[in-house]
Amino acid sequence: MTAAGSAPTGKRRDSARSRELLLEAAAALFAERGYDRSTTREIGERAGVDPALIARYFGGKAQLYIAVLDLDRASDRPADLLEPGRATALLEVMARRGAGPVFRAAVTPLEDPGVQAAATAQLHWRLVDPLCERFTREGLDRPRLRAELALAAFVGVVLSRGSGAFPDLAEAGTEEIVQLVLDMFAQRPR
């Protein structure tokens, strides 16, 4: 204890660093394996800290997952899927890390309802809402439904690339796929 009765500064920095390491390790594991197949033990090992700290800092695995999802919420709303570069960036991230928890939530319900709700909220905040706002500005009818359909198609493309069921899709380059998908979306009726 310091003279003022608080914990030493070095201890607080260690706690903050441990929390940061857990968030980074969890984000990587959730992206690689998904929520259900990632264990707190593996997260702790990857972070290089005691897995028991997950309960201490976050309350449990579900709350850690939600904290990972909320990392981006403090920033500005992302660009919509039809903005130049956005679809390319998403496909490149998926190629490197695999489909993360937000994309997985679009097609596979997670076991924990709270985690599913948080992932779905992120999916809408990051991808559906920006597209819905674009479609509203463009005066399209049923903009939310159109945004959800466009995103469902995009998620299907992303997840299908690695399935082995579509060899031409798997072999196509990111830029070619993005251009074809954007061309498909551009042909929407008003």
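The values are calculated or read from the model by the stated rules, or taken from the named source; none is laboratory data. Just so it is clear, the structure is predicted and the values come from calculations on it, not from any experiment. Using ideal geometry, Cβ is built from the backbone for each residue, glycine included, and neighbour counts are taken over all protein chains shown. Heads up: the accessible areas ignore ligands, DNA and RNA and are worked out on the full protein's heavy atoms, side chains in. Shrake-Rupley method; radii C 1.70, N 1.55, O 1.52, S 1.80 Å.
Structure data summary
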{"quantity": "In segment 36-66, residue modelled with the highest pLDDT [restricted to those that are assigned to a helix (DSSP H, G or I) and closer than 17 Å to GLU111 by Cα]", "calculated": "THR40"}
{"quantity": "In segment 7-35, the residues that are in contact with a Lys or Arg (Cβ under 8 Å, 6 or more places away or on another chain) and at pLDDT 95 or above", "calculated": "ALA25"}
{"quantity": "Check on GLU111, open to solvent by 40 Å² or more (accessible area, probe 1.4 Å), more than 12 Å from the chain's Cα centre (by Cα) and closer than 21 Å to VAL178 by Cβ", "calculated": "no"}
{"quantity": "Search result, residues across segment 171-186 that are in a helix (DSSP H, G or I) and hydrophobic (A, V, I, L, M, F, W, C)", "calculated": "ILE177, VAL178, LEU180, VAL181, LEU182, MET184, PHE185, ALA186"}
{"quantity": "Hits in segment 67-90 - residues which are assigned to a helix (DSSP H, G or I) and modelled with pLDDT of 85 or more", "calculated": "ALA67, VAL68, ARG86, ALA87, THR88, ALA89, LEU90"}
{"quantity": "Residue among LEU140, LEU123 that alone is surrounded by 16 or more Cβ atoms within 10 Å (Cβ to Cβ) and not in a helix (DSSP H, G or I)", "calculated": "LEU140"}
{"quantity": "Among the candidates ARG96, ARG146, residue that is of a type in the set (Lys, Arg), assigned to a helix (DSSP H, G or I) and modelled with pLDDT of 90 or more", "calculated": "ARG146"}
{"quantity": "Any hit, segment 126-142, residues being among the small types (Gly, Ala, Ser), modelled with pLDDT of 85 or more and under 14 Å from the mean Cα position of the chain (by Cα)", "calculated": "no"}
{"quantity": "Counted residues, segment 37-71 - those being under 25 Å from LEU123 (Cα atoms) and open to solvent by 70 Å² or more (accessible area, probe 1.4 Å)", "calculated": "4"}
{"quantity": "Some residue of segment 168-185 being of a type in the set (Val, Ile, Thr), farther than 28 Å from ASP36 by Cβ, open to solvent by 50 Å² or more (accessible area, probe 1.4 Å) and more than 17 Å from the chain's Cα centre (by Cα)", "calculated": "no"}
{"quantity": "Scope segment 157-167; condition loosely packed, with under 13 Cβ neighbours inside 10 Å and of a type outside the set (A, V, I, L, M); matching residues", "calculated": "SER163, GLY164, PRO167"}
{"quantity": "Hits in segment 75-96 (condition: crowded, with 17+ Cβ neighbours inside 10 Å and among the acidic types (Asp, Glu))", "calculated": "ASP80"}
{"quantity": "Unique match (being part of a helix (DSSP H, G or I) and more than 12 Å from the chain's Cα centre (by Cα)) among PHE154, PHE103", "calculated": "PHE154"}
